[in-house]
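Undergrad: Just dropping this structure here.
Here, each number is a calculation from the coordinates, and none is a lab measurement. Everything numeric in this text was worked out from a predicted model, so none of it was measured. Please note: Cβ atoms are built from the backbone with ideal geometry, for glycine as well, and neighbour counts cover all protein chains shown.
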There are 2 protein chains.
Amino acid sequence: MSSTLVTGIGELVTCAGDPADPLGVIHDAALVEEGGEVAWVGPASQAPAADERVDVEGRAVLPGFVDSHSHLVFAGDRAAEFAARMAGEPYDGGGIGVSVAATRAASDDELRSLLAARLTEMRAQGTTTVEVKSGYGLTVEDEARALRIARELTDEVTFLGAHVVPSEYAGGPGSCGDRAAYVSLVTGPMLEACAPHARWVDVFCEPHSAHAFTQEEARAVLTAGRDAGLLLRVHGNQLGHGPGVQLAVELGAASVDHCTYLSDADVDALAGAADTTVATLLPGVEFSTRSPYPDAAKLLAAGVSVALATDCNPGTCYSSSMPFVIALAVREMGLTPGQAVHAATAGSAKSLRREDIGRLAVGSRADLCVLDAPSHLHLSYRAGVPIARSLRLGERGATSPDSGP
Amino acid sequence: MSSTLVTGIGELVTCAGDPADPLGVIHDAALVEEGGEVAWVGPASQAPAADERVDVEGRAVLPGFVDSHSHLVFAGDRAAEFAARMAGEPYDGGGIGVSVAATRAASDDELRSLLAARLTEMRAQGTTTVEVKSGYGLTVEDEARALRIARELTDEVTFLGAHVVPSEYAGGPGSCGDRAAYVSLVTGPMLEACAPHARWVDVFCEPHSAHAFTQEEARAVLTAGRDAGLLLRVHGNQLGHGPGVQLAVELGAASVDHCTYLSDADVDALAGAADTTVATLLPGVEFSTRSPYPDAAKLLAAGVSVALATDCNPGTCYSSSMPFVIALAVREMGLTPGQAVHAATAGSAKSLRREDIGRLAVGSRADLCVLDAPSHLHLSYRAGVPIARSLRLGERGATSPDSGP
């Protein structure tokens, strides 16, 4: 088995330190990869020999970013909706229907090609693991198709048939619609068709949107998914205070995402469930919808487990950039640059119940993020500048390594 | 003379429309370059023949960004100061001294190499014209050196000996220092040594910082610069309300930059001077110093000429990204995506008193920004994603063209 020695690491962020030093920085470091895994990390002066050698010339190296929340299987363009929202139109989740129509109309090859291009774009910005949700099909066939295609390109696939109630069930003016029939579809035939392709089930639990799901509807979706062997994620507390966080904690979901509006009771619940349920913050959404930012520093101080992700999607945040998310979390959410990096790597890995990614220690995947900068501080110091790129060492099945620096 | 036809332009933003349509968009367009200038623009169906051909495959094409405010000639690293500021330390301009010490200690070759790398980074993000200031030398020799090196790599060079009062003149605790002696140096021997290398003179007029210059000191610097044949720029109204805007308008400066704190009288003065004096907004500074954003929509409504630039510098904004600045101006300053693009191209060109850049019309420079997107809307819709790159067609002396798409 071939090994590679990475030398010239000016600053190695391992995210494998002890609780008092979660960032676990080693200066003037080296790392050895063997078989796609980290075989050794430590000071450059003590580095062992290896078959090949990559010199990163003083750059900072981090664990590759873990983007634990994205919606990348879609067709169509919603730039005009974004421009209208910036001019004052409110967001209530209704625009998702535009993407649903375009996605249903697209061929498998079109969707595969769009997804592959978006994943390539993410990897070019330092992301090495991407969770991908369905949710723009909303029929049995279209949801299963989205998950099947996503599964070809990533390990972390989430069934989100409960993204919105599609228009054909929501009913038009003068109609009460048949939301219950859609929930039955999602928890019945759709789940059955989708579960084999997915690891996770998710639901948009949001009483402030007529398009989303109530607490009891969300509970039905999550428990049915759990019974089908899926692990749980929740979209909660995005548009206002609501039951999403409490439901996620009650059901032992791995993550509750958005957390834009949190009560003190929500924070307490998340702190009490810190070993189980991660609060995944998506500041690109607050940026792109001109919403208030949650106070991440307060969450960390309360003992909550915090992750950062992009939520890359065509409606509320079409940014694929984890460095941008990190810069926003520092500027707007009160995190230090180091806390933001930790949340975007080890924190997001925890929200996916993964210990083999988001950190660089012996046995973890050799998924690196290399910065054109001497320190992780530059991810927020140099906001907007594309200084991060991924470097995946070794072969691992479907995922080919990106090119080196 | 060789000519190049650019085809496949899904959306061409010319910034050469009439006042009712300043963006001047042409869909399904083409452009012909000859001798480094635009020789023809129009619908693709009417495009003339040319010697060479570049197909941008449906992408949007804009005028290359004009970054009319940057401080790129410096050495040293101030990432730790940024992190401290994010943790609550206030900014008063004092950190500039750290860059001054490192810059004075650097060799010519080091400074040249650092500047070249920063310009390359900007071009990779769609910027084709960069104004570069001195201001980290603050001795006759070090200021002249910075301008000489900058002039090797850009046409727009600004003498900013009046960046701060250097520590050796400001005096320490218990001393009143000798600010007047420094102003005499700047307006005398330093100006004499620097004027041959520069087109512009600039001053940090800011009564809220003990390191910066008062209204009367700023007036002395600007009038001396004008007498030496330089055109005028002003740093004003950054840290609080102050005299910078009024002084800039009174003296006919081409631009007053920052404009973070504006009174109604300031807005009126800028509106009255819209043909002469541009308000250059630097939202990356507000982002990186956690300051309030000025209301750019209000300025446009009042009739003020508005430009956007990065202010790329090691202290208050180490971002070189015009796309990031555009996204911030839309999110935080109330500009539409189109208004922000116009301010970052034609607006910034006006602030440099240039009509050959910032627009794509017959006779202007063939400096393009090509987006990996179908529309200029994506610059703000896809915040943080590196979708812009520059494409400079034809040879123009010292500036070699970047590679094509």
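Undergrad: Once the dipole of region B:1-88 is set up with Lys and Arg at +1 and Asp and Glu at -1 on Cβ about the Cα centre, which of B:Ala83, B:Gly42, B:Gly24 lies farthest towards its positive end?
TA: My answer, from the dipole projection, is B:Ala83.
Undergrad: A further question on this structure: Quick one: angle between helix B:108-123 and the longest Cα principal axis of chain B, in degrees between 0 and 90, rounded to 10, please.
TA: Helix B:108-123 sits at roughly 40 degrees to that axis.
Undergrad: Restricting to chain B, compute how many DSSP beta bridges are antiparallel as a %, nearest 5. Before the final figure, lay out the partial values.
TA: Details: 25 of 56 bridges.
Antiparallel bridges: around 45 percent, rounded to the nearest 5.
Undergrad: Right, here's the next one. Which net charge results when you count Lys and Arg as +1 and Asp and Glu as -1 among the other residues whose beta-carbon is under 12 Å from that of A:Val249? Mind showing how you got there, number by number?
TA: Values: positive: none; negative: A:Glu250, A:Asp266, A:Asp268, A:Asp275.
Around A:Val249, the charge tally is -4.
Undergrad: Now a separate question. Cα atoms only: what Rg and Dmax, in Å, come out for region B:255-305?
TA: 10.7, 32
Undergrad: List the relative contact order of region B:241-290 as a percent without decimals, with contacts defined as Cα pairs under 8 Å and 6+ residues apart.
TA: On the way: 51 pairs, mean separation 20.6, N = 50.
In percent, rounded to a whole number, it is 41.
Undergrad: Let me ask you something else. With +1 on each Lys and Arg Cβ and -1 on each Asp and Glu Cβ, and nothing else charged, work out how big the dipole of region B:65-351 is about its Cα centre, in Debye to the nearest 20.
TA: Roughly 420 debye for region B:65-351.
Undergrad: Just name one of A:Ala124, A:Leu160, A:Leu247: the one whose Cα is farthest towards the positive end of the charge dipole of region A:65-351 (beta-carbon charges, Lys/Arg +1, Asp/Glu -1).
TA: A:Ala124
Undergrad: Hey, another quick one. Any chance you could list P(r) for region B:87-185, counting all Cα-Cα pairs in 10 angstrom bins from zero, rounded to whole %?
TA: It works out to 14, 40, 31, 13, 2, in whole percents.
Undergrad: Got a sec? Charge dipole of region B:65-351, +1 on Cβ for Lys and Arg, -1 for Asp and Glu; which of B:Gly95, B:His197, B:Leu308 is way out at the positive end?
TA: B:Leu308
Undergrad: Still on this structure, I have one more. Within the P(r) computed for region A:174-259, what percentage of the Cα pairs occupies the region above 18 Å?
TA: Numbers: 1470 of 3655 pairs.
I get 40 percent for the Cα pairs in region A:174-259 exceeding 18 Å.
Undergrad: Which percentage, to the nearest 5, of the DSSP beta bridges contained in the protein assembly as shown is antiparallel? The partial results should precede the final answer.
TA: On the way: 50 of 112 bridges.
Here the share of antiparallel DSSP bridges comes out near 45 percent.
Undergrad: Here's another thing I want to ask about it. Sort out the exposed loop GluC sites (Glu not before Pro) in chain B (DSSP loop, at most 15 other Cβ within 10 Å) and tell me the longest stretch that has none. Walk me through the numbers on the way to the answer.
TA: On the way: sites that count: B:Glu57, B:Glu355, B:Glu395.
It works out to B:58-354.
Undergrad: Treating the point 7 Å from Cα along Cα-beta-carbon as the label, what are the nm separations from B:Pro196 to the other copies, to one decimal?
TA: Nearest to farthest, the other copies are at 8.1 nm.
Undergrad: What area, in nm² and to one decimal, does the C-alpha convex hull of region B:312-367 cast on average over all directions?
TA: 4.5
Undergrad: What residue of chain B has the nearest C-beta to the axis that moves B onto A, and what is that distance in Å, given as a whole number?
TA: So the chain B residue sitting closest to the axis is B:Pro386, 2.
Undergrad: Quick one: Cα convex hull volume of the protein assembly as shown, Å³ per residue? List each step's numbers first, then the result.
TA: Numbers: hull volume 140.5 nm³, N = 810.
Dividing the Cα hull volume of the protein assembly as shown by its residue count gives 174 Å³.
Undergrad: Whole Å is fine, so just give me how far the alpha carbon centre of region A:375-389 lies from that of region A:327-365.
TA: Between the Cα centres of region A:375-389 and region A:327-365 lies a distance of 15 Å.
Undergrad: Separate question: Where the only charges are on Cβ atoms (+1 Lys, Arg; -1 Asp, Glu), what is the dipole of region A:102-232 about its Cα centre, to the nearest 20 debye? All intermediate terms of the calculation are to be shown ahead of the outcome.
TA: Working: 12 positive and 19 negative charges, 38 e Å.
Dipole size: approximately 180 debye.
Undergrad: Sticking with this one: If R₀ is 56 angstrom, what is the calculated FRET efficiency for the pair B:Ala274 and A:Thr214, using the beta carbon separation as r and rounding to 0.05? Please report the intermediate quantities before stating the final value.
TA: Values: r = 54 Å, r/R0 = 0.96.
That gives a FRET efficiency of 0.55.
Undergrad: As a check on your grasp of the helix formula, calculate [θ] at 222 nm for chain B: sum -39500 (n - 2.57) over DSSP H runs of n ≥ 4, divide by the residue count, round to the nearest 500.
TA: Values: 16 runs with 133 residues, N = 405.
Here the helix-only value at 222 nm equals -9000 deg cm²/dmol.
Undergrad: Given points 7 Å out from each Cα along the Cα-Cβ axis, report the B:Ala297 to A:His27 separation in nanometres with one decimal.
TA: My value for the distance between the label points is 4.8 nm.
Undergrad: For A:Lys298, list the lysines whose Cα falls under 26 Å from its own Cα; do not include residues on the same chain fewer than 8 positions away.
TA: List returned: A:Lys350.
Undergrad: Here's a follow-up. What residues from region B:21-49 fall in the zone where the backbone N is under 19 Å from a label point 7 Å along the Cα-to-C-beta line of B:Met1?
TA: Of the residues in region B:21-49, B:31-42, B:48-49 have backbone N under 19 Å from the label point off B:Met1.
Undergrad: Let me spell out the model: positive unit charges on the Cβ of Lys and Arg, negative unit charges on the Cβ of Asp and Glu, origin at the Cα centre of the protein assembly as shown. What dipole size does that give, in debye rounded to 20?
TA: Details: 58 positive and 102 negative charges, 15 e Å.
So the dipole magnitude of the protein assembly as shown works out to roughly 80 debye.
Undergrad: Would you mind finding the longest exposed-site-free stretch of chain A, with exposed trypsin sites (Lys or Arg not before Pro) meaning DSSP loop and at most 15 other Cβ atoms within 10 Å?
TA: Formally, the longest exposed-site-free interval is A:1-289.
Undergrad: Ignoring solvent entirely, what values of log10 I(q)/I(0) come out of the Debye formula for region A:44-124 at 0.11, 0.16, 0.18 Å⁻¹ when each Cα is a single scatterer?
TA: -0.55, -0.82, -0.94
Undergrad: Any idea what angle helix A:322-333 forms with the longest principal axis of chain A, computed on alpha-carbon atoms, 0 to 90 degrees, nearest 10?
TA: That works out to roughly 80 degrees.
Undergrad: Whole Å is fine, so just give me how far the alpha carbon centre of region B:2-80 lies from that of region A:42-102.
TA: Cα centroid to Cα centroid, the span is 28 Å.
Undergrad: Over region B:65-351, how many percent of alpha carbon pairs lie in each 10 Å bin up to the one with the longest distance?
TA: Bins of 10 Å from zero give 7, 32, 39, 20, 2, 0 percent of pairs.
Undergrad: Shifting gears a bit: How far, in degrees from 0 to 90, does helix A:96-105 lean away from the longest principal axis of the Cα atoms of chain A, to the nearest 10?
TA: Approximately 80 degrees, to the nearest ten.
Undergrad: Please compute, for peptide A:333-340, the average count of beta-carbon atoms on other protein chains lying within 10 Å of each residue's beta-carbon. Walk me through the numbers on the way to the answer.
TA: Numbers: counts 0, 3, 1, 3, 5, 1, 0, 1.
For this peptide, the per-residue mean of nearby foreign Cβ atoms is 2.
Undergrad: Across 5 Å bins from the origin, how do the percents of Cα pairs in region A:207-336 run, short distances first?
TA: For region A:207-336, the binned pair fractions read 2, 12, 21, 24, 20, 15, 6, 1, 0 percent.
Undergrad: Further question: Put one equal scatterer on each alpha carbon of region B:267-405, apply the Debye formula with no solvent term, and list log10 I(q)/I(0) at q = 0.10 1/Å to two decimals.
TA: Debye intensities relative to I(0), on a log10 scale: -0.35.
Undergrad: When only Cα pairs under 8 Å and 6 or more residues apart are kept, what is the percent relative contact order across region B:65-351?
TA: Details: 629 pairs, mean separation 51.7, N = 287.
The normalised contact order for region B:65-351 reaches 18 percent.
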